[in-house]
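Trainee: One structure, as structure tokens, below. Some questions next.
Each reported figure results from applying straightforward, stated rules to the coordinates on display, with no laboratory input. Just so it is clear, the model here is predicted, and its values are computed rather than measured. For neighbour counting, all protein chains shown are included, and Cβ atoms are generated from backbone atoms with ideal geometry for every residue, glycine included.
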Amino acid sequence: MQKLLAPLSLLLLFLLPEVPEANSAEAHVRPGLWEITTTSTLLALVPQIPPDQMLNLTNLAKQYGLDIPQIQDGAVTSRICITRQMAEQEIPSYFHAPQLGCSVKNAVREKNSYKMDLVCADSALKGNGRAEGTFATPETFSGWTIFNGRLHNTPVSENADTSGRWVNASCGQ
């Protein structure tokens, strides 16, 4: 179990949404409060983590400026505020966390769908991933992410499905 915790903790941070700065382009999504749900086999392992070790994981997340939302049935649901500037981005990179030394490459948008490569070159996390998604409407999207690499020299292969829905025009949760 101890060997599983380090990879689990950093990959969990990788799967949680982050909200970076935005640039401007034509609006594609509705600004406001969004609810994002991510499911994965990795998240399904969270109930097996003892409470004291989960506290350590929560503290690690806080070091990266994140709060770990409630994880239930292999899914994590969180809320993020999408500003007008973020909504105007051509590629919604704000759904993919950059805090672990990962960056978005080769991003393309075709109509309501986007594709991007994720490249992680941090000393703790090295590897490559791919994210794709589709906005069914300006208020809903679904997508997936795959990642293969090494976390603290432990091989990692993870798939996650993500969906989002607009909740409210005000981010005053």
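Trainee: What spacing in nm lies between the two simple spin-label points modelled at THR137 and LYS62, each 7 Å away from Cα in the Cβ direction?
Mentor: According to this spin-label approximation, the distance is 3.9 nm.
Trainee: Now for a different question. Starting from segment 109-151, pick out the trypsin sites (Lys or Arg not before Pro) whose DSSP state is loop and whose Cβ has at most 16 other Cβ atoms within 10 Å.
Mentor: Sparse-neighbourhood loop trypsin sites (Lys or Arg not before Pro): LYS111.
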